[in-house]
Structure formats: structure tokens, C-alpha cells
Amino acid sequence: MNILFLLASAVTTVCRGGIERATDVLARELTRRGNGVRILVWQGAPDASVEFPQRVFPCETPRASPLNRALFKKTLREEKIDLVVFQCGAGWK
């Protein structure tokens, strides 16, 4: 299964908040079980030492901008995403 996590901030190996840490733990376990994991974030620089691919949306605000929607749709299509886990309390606003 290919899983896409959507987060406000990039997953890094240091200085992570609760959502980022939970996503890291979940992504590692899902990867260990043979799933593909991708992460899309609205802000922050992806950490090269994190073992799953992360991309940053082109626009931090508004989150539902046409450029962000285009990247989201492209990721769903090209990565053959089966499940999206939305880990951002602020929604698409």
C-alpha cells in the first residue's frame, strides 16, 4: 500500500513536535511492514536523513492554492497513493 502523509511542518531528526514525531514513528513502522510512505508538507525544509521522501508544497498559504492542489493531484497519480493521512489540524484553509 502507498500512503501519503500531509503535515504542516517537515519531519526532521531533531526539534520535532508531537505530530511530526508521531508521523515519523508511523511512517517507519509502515515502511518496515512493506508499505510505501510519502510526505507532503506546507513549511520547512525536508531532512535528507529522514528515510522517506518528503516534498514541500509550493505555497504555504493559502493551503488550497491551485499550485498546491496540482502537486497534491500529481503526487496521488504518480506515486499511486492508496491512502492519505491528513495530520494537520488547520485543514486546507
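The values are calculated or read from the model by the stated rules, or taken from the named source; none is laboratory data. No experiment lies behind these values; they were computed from the predicted model shown. Glycine also receives a Cβ, built like all others from the backbone with ideal geometry; neighbour counts cover every protein chain displayed. These area figures cover heavy atoms from the full protein model, side chains too; ligands, DNA and RNA do not enter into them. Shrake-Rupley method; radii C 1.70, N 1.55, O 1.52, S 1.80 Å.
List of remarks:
- Of all accessible heavy-atom area on the chain, the percent that carbon and sulfur account for (1.4 Å): 56
- The trypsin sites (Lys or Arg not before Pro) found in segment 1-91 that occupy coil by DSSP, while having at most 15 further C-beta atoms within 10 Å, are Arg33, Lys80.
- Gyration tensor (alpha-carbon) shape descriptor, the chain, a/c threshold 1.5: oblate
- Take every Cα pair under 8 Å whose residues are at least 6 apart in sequence, average their separation, divide by the length of the chain, and the relative contact order is 39 percent.
- In the full protein context, the chain carries 58 Å² of accessible surface per residue, based on a 1.4 Å probe and ignoring ligands, DNA and RNA.
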